[in-house]
1. Going through segment 11-28 one residue at a time, which ones are of a type in the set (A, V, I, L, M) and closer than 18 Å to residue 51 by Cβ?
2. Give segment 6-52 a look and list any residue that's touching a residue at least 40 places away in the same chain (Cβ under 8 Å) and in a helix (DSSP H, G or I), or say none.
3. Taking residue 23, is it out of contact with any helix residue (DSSP H, G or I) (no Cβ under 7 Å at 6 or more places or on another chain) and surrounded by 12 or more Cβ atoms within 10 Å (Cβ to Cβ)?
Amino acid sequence: MPAARRAAVVHQRLHGREGNDPRSLRRHPVRSGELAEILDRAGVEDSTVDATAGSVAYIAASVVTAADWR
């Protein structure tokens, strides 16, 4: 997933979770972007799973498959 799309998804989730806390809404989107850049530069992912759509069960199964935990 492109970085811009990931950032949009994270910001949307933060607004849903932190919608009643203006201070958090100022801090968390900035920090999430900083952390995403650090992880992108480090290349730490073994695999990725698109969690922007699908049921919790489907996404969980995708994680299990991607991690080869079966």
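What follows draws every value from the coordinates through simple rules; no lab data is involved. In this text the structure is predicted, and so the values were computed from the model without any measurement. As a convention, Cβ positions derive from the backbone with ideal geometry for all residues, glycine included, and neighbour counts pool all protein chains shown.
1. Within segment 11-28, 14 is the sole residue that qualifies.
2. 9
3. no
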